[in-house]
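The values are calculated or read from the model by the stated rules, or taken from the named source; none is laboratory data. All figures in this text were calculated on a predicted structure; none of them were measured in a lab. Reconstructed Cβ throughout: ideal geometry from the backbone, glycine too, with neighbour counts over all protein chains shown.
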Amino acid sequence: MKSWMRKLRALAVLSSFAIILAGCGEENLTALVPKGYGAQKSMDLIILTTTVMSFVFLVVITLLITVLIRFRKKKGEEVRNPKQVEGSVLLEIVWTSIPIILVIIMAVPTVMAEFNLADDSDAEDHMNINVTANQYWWHFEYEGEDLETSQDLYIPVGEKVYLNLIASDVLHSFWVPSLSGKLDANPENTNTFFIEAYEEGVYYGKCAELCGPSHSLMDFKIVVVSQDDFEQWKDEMKSFDPDQLELDSVAQEGRDLYEENSCMNCHAIGDNSTSIGPNLTNFGNRVNFAGYLDPTKEELVRWIVNPDKVKEGNKMKTSGYPDFENNVEEAEKIAEYLLQLKATSITPDNVGN
Ligand code: CUA
């Protein structure tokens, strides 16, 4: 083989490994380590279908190899035709019914699981959260509670939580692999399903429907906390008042600038109720922002100054957006303020401690 061809082949093998392995490593972003009801159901089906398929594979391969070895023409042996079996009713019945039985073994539990996961008949008896998918962020509204949040959804462990999904613009899909399968969020009608987490932790969620240039950055988190912590989180969120916050002088200036620049017209903090942009009440508690950036002052300034460059196609820079490019100092002060918005003592960092 020519050397360049060998190299090309090695490259192809390595890159396919890279693609496969790119999906590994995030313990809280995998359907293969189920931590919730829906994910466990999926895992059970994965095991069932893989077992059935492996059985079929083994039988076929064993027969094939046996035939290849046993019936191989030996040296000096005459060519002979095997016994012809076409038209054998018994054989036709056998090899038609075996696949049908196997398909039934897989189909019945799959269809049952589908109906089970889509069943919302007891939704009224449980917590309901209205989820709005936007390009490229998630908004969560706790039904019956005066409480909203964005990007990080807090829920109590071991409790069935119903999610009513809707989109404000284009089609998105809600997916937290560790907890459950996907469900589309579309602008036309509400899709409902439930999640139930078995363990406390922070589970990563993704938008699973191509929705624009920053689709891959449309991340969110589900923060699963104990029942007590959840109650405390709700109380602290509801009673949070940014004006009562002890801020350093830079952050205080940032708070004034936040108001002067009308940031709060789109971004709610505390009991302000707009949801044009993400709610920032517990911004300082987040482990990242804009879906993927580390919550450092440097990154946040970069984001505020030019959001389009950081997350293409987002709608933050609407008409009237302040010219921070020529006023980075103001962006720095606002960033300082936002990073000090630690509304609750329950944070993704101390979950389960
Ligand atoms: Cu929203 Cu992809």
Of the numbered conditions (1) outside any strand (DSSP E or B); (2) surrounded by fewer than 19 Cβ atoms within 10 Å (Cβ to Cβ); (3) within 16 Å of the ligand (Cβ to nearest atom); (4) touching a residue at least 24 places away in the same chain (Cβ under 8 Å), residue 177 satisfies every one except a single condition; which is it? (2)
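Got a sec? Which of 205, 212 is within 15 Å of the ligand (Cβ to nearest atom) and either assigned to a loop (DSSP other than H, G, I, E, B) or of a type in the set (Lys, Arg) (or both)? Break it down into steps so the answer makes sense when it comes.
Values: 205 fails: either assigned to a loop (DSSP other than H, G, I, E, B) or of a type in the set (Lys, Arg) (or both).
Result: 212 is the single residue among 205, 212 that is within 15 Å of the ligand (Cβ to nearest atom) and either assigned to a loop (DSSP other than H, G, I, E, B) or of a type in the set (Lys, Arg) (or both).
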Of the residues that make up the range 189-196, is at least one within 11 Å of the ligand (Cβ to nearest atom), under 21 Å from residue 28 (Cα atoms) and either in contact (Cβ under 8 Å) with a residue 40 or more places away in the chain or touching a helix residue (DSSP H, G or I) at 6+ places or on another chain (Cβ under 7 Å) (or both)? no
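Can you tell me which residue within the range 215-256, out of those that are within 16 Å of the ligand (Cβ to nearest atom) and outside any strand (DSSP E or B), is nearest to the chain's Cα centre (by Cα)?
Keep residues of the range 215-256 that are within 16 Å of the ligand (Cβ to nearest atom), which gives 215-221.
Retained after the next criterion (residues that are outside any strand (DSSP E or B)): 215-218.
Working: 215: 12, 216: 11, 217: 11, 218: 9 Å.
If we take residues in the range 215-256 being within 16 Å of the ligand (Cβ to nearest atom) and outside any strand (DSSP E or B), then 218 is nearest to the chain's Cα centre (by Cα).
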Residues (among the aliphatic types (A, V, I, L, M), in contact with a Gly (Cβ under 7 Å, 6 or more places away or on another chain) and in a helix (DSSP H, G or I)) located in the range 290-334: 334
Tabulated pairs, the range 270-290, first under 13 Å from residue 238 (Cβ atoms), second acidic (Asp, Glu) and at pLDDT below 90, C-beta under 6 angstrom, 6+ apart or interchain: 270/241
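Evaluate the range 148-167: report whether one residue or more is within 21 Å of residue 240 (Cα to Cα), within 16 Å of the ligand (Cβ to nearest atom) and assigned to a strand (DSSP E or B).
Taking the range 148-167 and keeping what is within 21 Å of residue 240 (Cα to Cα), we get 148-156.
Going one step further and asking which of them are within 16 Å of the ligand (Cβ to nearest atom), we end up with 150-151, 153.
Next, from what is left, pick out any that are assigned to a strand (DSSP E or B): 150, 153.
Checked the range 148-167: at least one residue is within 21 Å of residue 240 (Cα to Cα), within 16 Å of the ligand (Cβ to nearest atom) and assigned to a strand (DSSP E or B).
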For the structure I just gave you, tell me whether residue 31 is under 22 Å from residue 351 (Cα atoms), out of contact with any His (no Cβ under 7 Å at 6 or more places or on another chain), modelled with pLDDT of 80 or more and not charged (D, E, K, R). yes
Going residue by residue through the range 131-143, is there one that turns out to be more than 16 Å from the ligand (Cβ to nearest atom), touching a residue at least 60 places away in the same chain (Cβ under 8 Å) and not aromatic (Phe, Trp, Tyr)? yes
Of residues in the range 232-251 being in contact (Cβ under 8 Å) with a residue 60 or more places away in the chain and either within 26 Å of residue 332 (Cβ to Cβ) or touching a Pro at 6+ places or on another chain (Cβ under 8 Å) (or both), the one surrounded by the fewest Cβ atoms within 10 Å (Cβ to Cβ): 248
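Quick grid of which residues meet (1) farther than 21 Å from residue 270 by Cα; (2) surrounded by fewer than 20 Cβ atoms within 10 Å (Cβ to Cβ):
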site: 287; (1), (2): no, yes
site: 296; (1), (2): yes, yes
site: 304; (1), (2): no, no
site: 335; (1), (2): no, no
site: 343; (1), (2): no, no
site: 351; (1), (2): yes, yes
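Listed here are the residues, each with its yes/no results for (1) touching a strand residue (DSSP E or B) at 6+ places or on another chain (Cβ under 6 Å); (2) at pLDDT 95 or above.
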{"residue": "146", "(1), (2)": "no, no"}
{"residue": "153", "(1), (2)": "yes, yes"}
{"residue": "170", "(1), (2)": "no, yes"}
{"residue": "197", "(1), (2)": "yes, yes"}
{"residue": "209", "(1), (2)": "yes, yes"}
For residue 170, indicate whether it is in contact with a Pro (Cβ under 8 Å, 6 or more places away or on another chain) and away from the ligand (no atom under 16 Å from the Cβ). no
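Out of 74, 182, report the one residue that is at pLDDT below 95, closer than 30 Å to residue 212 by Cβ and among the charged types (D, E, K, R).
On the way: 74 fails: closer than 30 Å to residue 212 by Cβ.
When all the criteria are applied, what remains is 182.
Got a sec? Which of 272, 279 is of a type outside the set (Phe, Trp, Tyr), surrounded by 13 or more Cβ atoms within 10 Å (Cβ to Cβ), within 22 Å of the chain's Cα centre (by Cα) and not in a helix (DSSP H, G or I)?
Details: 272 fails: within 22 Å of the chain's Cα centre (by Cα).
None of the other options fit; the residue is 279.
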Residues in the range 226-242: is at least one over 22 Å from residue 187 (Cα atoms), modelled with pLDDT under 90 and in contact with a helix residue (DSSP H, G or I) (Cβ under 9 Å, 6 or more places away or on another chain)? yes
